[in-house]
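Enquirer: I have a structure I would like to understand better, so I am pasting it below and will then ask my questions one at a time.
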Amino acid sequence: MRIVLYKTILDENKCCKIVGTEMQTYQTDKKLNDPKRVFELMCAVFQHNKQSEEYLYMLCFTTDCKLLGVFELSHGSVDTTIYNPREIFQKAFLCNATGIILVHNHPSGSIMPSKADIDAYYRIKKAADIMGVSVFDNIIIGDSYYSFHEKNNMDS
């Protein structure tokens with residue numbers, strides 16, 4: 001599987017566009033439709049379980065769960081990162097995603113969501129519902145992983 005890390009830049013007219021910044025090959029023939037597979041990918045390709053500050057990534061998908069690309073959305077501090085709906089959906093729409101998975105890490109190793117994590121997720125989920133984008137999961141990575149989908153925390 002080819003993994004492309006994207007970012008957004010402004011063109012000469014100050015319009016936002018996406019550009020691929022990095023491409024890696026990840027050896028799997030399985031779709032990323034399982035939180036454990038996403039956890040394994042994020043640890044193998046992005047060393048998400050070893051980062052010393054919180055990072056928020058978004059995986060963008062087609063309707064048939066084909067990975068379109070990955071965005072680093074936020075690089076925070078040791079115990080916080082930023083979830084901003086505007087930037088999340090701008091990037092999702094630019095790559096024509098119909099579904100997303102949000103993934104952030106906890107450098108402490110703890111995988112339990114904080115109140116801020118839960119509040120941010122429900123804010124994003126509410127916006128996604130309005131915009132017609134599916135949020136397949138919200139995953140926290142530490143020593144292992146916490147999946148909102150697996151824990152049935154996907155509905156507000």
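Enquirer: Among the residues in region 45-56, are any closer than 20 Å to residue 121 by Cβ, among the hydrophobic types (A, V, I, L, M, F, W, C), open to solvent by less than 80 Å² (accessible area, probe 1.4 Å) and touching a Lys or Arg at 6+ places or on another chain (Cβ under 8 Å)?
Expert: Checked against the condition, which is being closer than 20 Å to residue 121 by Cβ, among the hydrophobic types (A, V, I, L, M, F, W, C), open to solvent by less than 80 Å² (accessible area, probe 1.4 Å) and touching a Lys or Arg at 6+ places or on another chain (Cβ under 8 Å), region 45-56 yields no hits at all.
Enquirer: Let me ask you something else. Can we say residue 5 is surrounded by 19 or more Cβ atoms within 10 Å (Cβ to Cβ) and not basic (Lys, Arg)?
Expert: Here the answer is no, as residue 5 does not meet what is asked.
Enquirer: Could you check, for region 66-81, whether at least one of its residues is open to solvent by less than 10 Å² (accessible area, probe 1.4 Å) and assigned to a loop (DSSP other than H, G, I, E, B)?
Expert: No, the conditions are met nowhere in region 66-81.
Enquirer: Still on this structure: Counting only residues that are in a loop (DSSP other than H, G, I, E, B) and closer than 22 Å to residue 6 by Cα, which one in region 83-126 is modelled with the lowest pLDDT?
Expert: That would be 83.
Enquirer: Please specify each residue of region 9-59 satisfying the condition of being of a type in the set (Phe, Trp, Tyr) and either outside any strand (DSSP E or B) or farther than 18 Å from residue 96 by Cα (or both). Full working, then the answer.
Expert: The first filter runs over region 9-59 and keeps only residues of a type in the set (Phe, Trp, Tyr), leaving 26, 39, 46, 55, 57.
Answer for region 9-59, where residues must be of a type in the set (Phe, Trp, Tyr) and either outside any strand (DSSP E or B) or farther than 18 Å from residue 96 by Cα (or both): 26, 39, 46, 55.
Enquirer: Residue 136 - would you say it is under 14 Å from the mean Cα position of the chain (by Cα), open to solvent by less than 10 Å² (accessible area, probe 1.4 Å), under 24 Å from residue 5 (Cα atoms) and among the hydrophobic types (A, V, I, L, M, F, W, C)?
Expert: Answer is no for this residue.
The values are calculated or read from the model by the stated rules, or taken from the named source; none is laboratory data. What you see is a predicted model; the values in this text were computed from it and never measured. Don't worry about glycine lacking a Cβ; one is built from the backbone with ideal geometry, like all the others, and counts go over all protein chains shown. These accessible areas exclude ligands, DNA and RNA; they are computed on the full protein's heavy atoms, side chains included. Shrake-Rupley method; radii C 1.70, N 1.55, O 1.52, S 1.80 Å.
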